[in-house]
Amino acid sequence: MSKALSVGLRVRALSAAGLTHRQAGERFGVGAASLSRWRKLERDQDDARPGPPGGNRRSHGCASERPR
């Protein structure tokens, strides 16, 4: 699994004035989709910081309930 990119890079890429997500992505070496997700994070929580790492979401049920 890849690590989250630094908050500084996220802030610089999001504040690239006058550039589209694709242009800013090329300039900073990230994907346009990443910039879209960061922009949504910034809108929703007023910050572009990454969330906590995901983990294993499938192992929450009882062992007898899991398919073999």
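The values are calculated or read from the model by the stated rules, or taken from the named source; none is laboratory data. Every value quoted in this text rests on a predicted model; they were computed, and no experiment measured them. Neighbour counts are summed over all protein chains in view; Cβ atoms, including those assigned to glycine, are modelled from backbone coordinates with ideal geometry. SASA here: full protein model, heavy atoms, side chains in, ligands and nucleic acids out. Shrake-Rupley method; radii C 1.70, N 1.55, O 1.52, S 1.80 Å.
Odds and ends about this structure:
- Apportionment of accessible area to carbon and sulfur, segment 1-59, percent (1.4 Å): 50
- Applied to segment 13-28, the Karplus parametrisation 6.51 cos²θ - 1.76 cosθ + 1.60 on θ = phi - 60° returns per-residue 3J(HN,Hα) values of 5, 6, 9, 5, 5, x, 9, 6, 4, 5, 5, 5, x, 5, 5, 9 Hz, with x for Gly and Pro.
- Distance (nanometres) between label positions extended 7 Å along Cα→Cβ at Ser15 and Ser34: 1.9
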